[in-house]
1. Please work out which one of (1) at pLDDT 70 or above; (2) more than 7 Å from chain A (Cβ to nearest Cβ) is the condition B:Ile4 fails and give its number.
2. Considering only residues that are aliphatic (A, V, I, L, M) and either modelled with pLDDT of 95 or more or in contact with a Lys or Arg (Cβ under 8 Å, 6 or more places away or on another chain) (or both), which ones fall in segment A:102-121?
3. Which of the strands (runs of 3 or more DSSP E) found entirely inside segment B:22-133 contain at least 1 residues meeting this: of a type in the set (S, T, N, Q), within 19 Å of A:Ser166 (Cα to Cα) and modelled with pLDDT of 90 or more?
4. Identify, by number, the condition in (1) more than 10 Å from chain A (Cβ to nearest Cβ); (2) of a type in the set (Asp, Glu); (3) touching a Lys or Arg at 6+ places or on another chain (Cβ under 6 Å) that B:Asp107 doesn't meet.
5. Tell me the helices (runs of 4 or more DSSP H) entirely within segment A:192-253 that contain at least 1 residues that are within 22 Å of A:Ala93 (Cα to Cα), within 16 Å of the chain's Cα centre (by Cα) and touching a residue at least 40 places away in the same chain (Cβ under 8 Å).
6. Give me the helices (runs of 4 or more DSSP H) completely within segment A:53-134, filtered to those with at least 2 residues that are more than 14 Å from every other protein chain (Cβ to nearest Cβ) and in contact (Cβ under 8 Å) with a residue 60 or more places away in the chain, ordered by residue number.
7. Would it be correct to say that A:Ile270 is under 22 Å from B:Met71 (Cα atoms), of a type outside the set (Asp, Glu) and either modelled with pLDDT of 95 or more or over 16 Å from the mean Cα position of the chain (by Cα) (or both)?
8. Output the residue which, of all residues in segment A:179-209 that are among the β-branched types (Val, Ile, Thr) and within 16 Å of A:Ala244 (Cα to Cα), is farthest from the other protein chains (Cβ to nearest Cβ).
Amino acid sequence: MINNIKRISTLFSVSIVACMLIFSSCGENKDEEDIDPIDTNKTNLVNINGTLFSIPSPIQTAILLKQVGAPYNKSLLNNPGKIASYSTEAKRALNLGAYGADLGYIILYQQTQEAIGYLSAVKKLSDDVGIAGAFDAKLLERFKQNMANKDSLLVFTSEAFRSSDSYLKNNDRAKVSSLIIAGGWIESLYFTTEMFSGNVQDKTKLFQRVGEQKNTLDNLIKLLTPYYQEEGFTEFVDALIDLAGEFDKIEVNYVFVAPTTDDANKITTINSTTEVKITPELIKTIQEKVKTVRGFIIN
Amino acid sequence: MNKIIASLLVLLSLSLFTKKIMAQCDTVANSCYKNITAKYISDGQQYRALLLNKEVAEFSATLFGGTQYRMAACSGMKDGQLVFSIYDKQRNLLFTNKEHKNSPYWDFKVKNTLDCIIEAKLLDENAASGCAVLLIGFKE
């Protein structure tokens with residue numbers, strides 16, 4: 001509860017700051033003497049109070065699902081035939097992220113017959129949000145030529161999304177970039193929580209992975225908060241805050257252990273431990289709430 | 001009237017300056033991407049911040065247990081221009097490339113999931129400004 005209040009309070013204050021930064025006309029009219037110079041630290045960077053937020057790739061979740069032996073489940077995916085119904089920029093961006101996560105899942109499970117349909121959906125939505133360059137004919141061609149090579153397909157897909165992210169940030173459109181990331185992350189969280197009731201022998205790793213993303217959800221909310229008042233954001237961010245209220249009930253115990261570094265191979269092993277405690281009741285609630293948030297995106 | 005024109009000119013100049021810096025960030029990021037080799041899958045994002053003088057960029061991230069990551073950190077077109085350090089949430093230092101000749105990339109084998117803060121600052125503290133770029137790749 002306290003964390004929710006803190007979140008709403010942060011959201012409110014960050015919204016005001018963002019509003020002031022983006023629209024100098026938000027408040028009263030300023031005299032010409034009062035016009036502030038642009039702070040280049042606060043332009044089109046995804047940067048709130050000096051911090052940038054990293055959201056894990058949906059592909060990492062798909063990797064985990066495969067590792068725990070979760071079977072391929074087509075019914076988890078968003079139907080690519082629905083793209084025509086996404087008419088706002090926010091919906092298109094969120095679903096571009098969701099279809100991207102679906103594509104990663106399909107590639108990882110080597111369901112190549114499905115891949116082209118999802119890649120086409122991604123391409124169409126990327127055209128609609130104005131980032132056609134990243135998913136061009138050249139990528140489609142590379143994709144078709146490497147259908148049997150799962151690793152290459154994952155690299156191509158991730159690289160295309162990184163390229164889109166870069167293009168959007170270069171063109172003052174970090175807002176769209178944030179929604180793509182959010183759509184992908186929620187879709188992958190949905191895959192995991194649906195497997196709570198799926199055919200998986202040892203679900204402990206799935207529960208743990210969900211619990212470990214408490215910080216990611218907070219980061220995602222902070223990433224989206226500057227746009228809270230904009231079309232398509234308010235209801236979505238409110239739903240994420242509601243979900244975060246449940247994540248706050250997860251107990252995460254971290255213990256620092258000194259890392260070890262291998263200079264010759266330029267590699268450091270992080271030895272610290274993290275223990276996640278989550279009750280069966282909470283698992284059920286989170287599963288339901290994730291379904292609601294995901295429903296907001298795809299419907 | 002003159003003040004309005006002067007203000008508009010200042011805004012225009014700053015806007016052009018910002019565009020120029022963004023283009024610089026893009027060039028740095030494309031060059032930095034060579035450090036994320038084909039063995040790693042990009043996390044699909046590009047983290048960057050314009051740093052002035054001694055400013056420090058802060059990145060909040062979660063690294064999953066059982067995964068090997070590669071982080072590449074760049075500023076400018078030469079390697080080793082950005083100092084990056086990784087701390088856990090208790091501010092214990094886990095790694096800094098300062099102790100490794102400012103290596104532009106480093107690999108991390110993460111045994112258990114970790115919430116961390118990555119800090120980045122320009123090597124030359126006298127530099128007026130620079131674009132800090134961080135890229136993250138991972139592998140199974």
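1. Among (1) at pLDDT 70 or above; (2) more than 7 Å from chain A (Cβ to nearest Cβ), B:Ile4 violates only (2).
2. A:Leu103, A:Ile106, A:Ile107, A:Leu108, A:Ile116, listed by residue number.
3. Values: elements: B:47-52, B:56-63, B:67-74, B:82-88, B:93-96, B:105-110, B:114-122.
Answer list for segment B:22-133: B:56-63.
4. Status for B:Asp107: all satisfied but (1).
5. A:214-224, A:234-247
6. Of the helices (runs of 4 or more DSSP H) lying wholly inside segment A:53-134, those with at least 2 residues that are more than 14 Å from every other protein chain (Cβ to nearest Cβ) and in contact (Cβ under 8 Å) with a residue 60 or more places away in the chain span A:89-108.
7. Spelling it out, A:Ile270 is indeed under 22 Å from B:Met71 (Cα atoms), of a type outside the set (Asp, Glu) and either modelled with pLDDT of 95 or more or over 16 Å from the mean Cα position of the chain (by Cα) (or both).
8. A:Thr193
The values are calculated or read from the model by the stated rules, or taken from the named source; none is laboratory data. Note that the structure is predicted; figures quoted are calculated from it, not measured. Methodologically, a virtual Cβ is constructed for each residue, glycine included, from the backbone with ideal geometry; neighbour enumeration extends over all protein chains shown.
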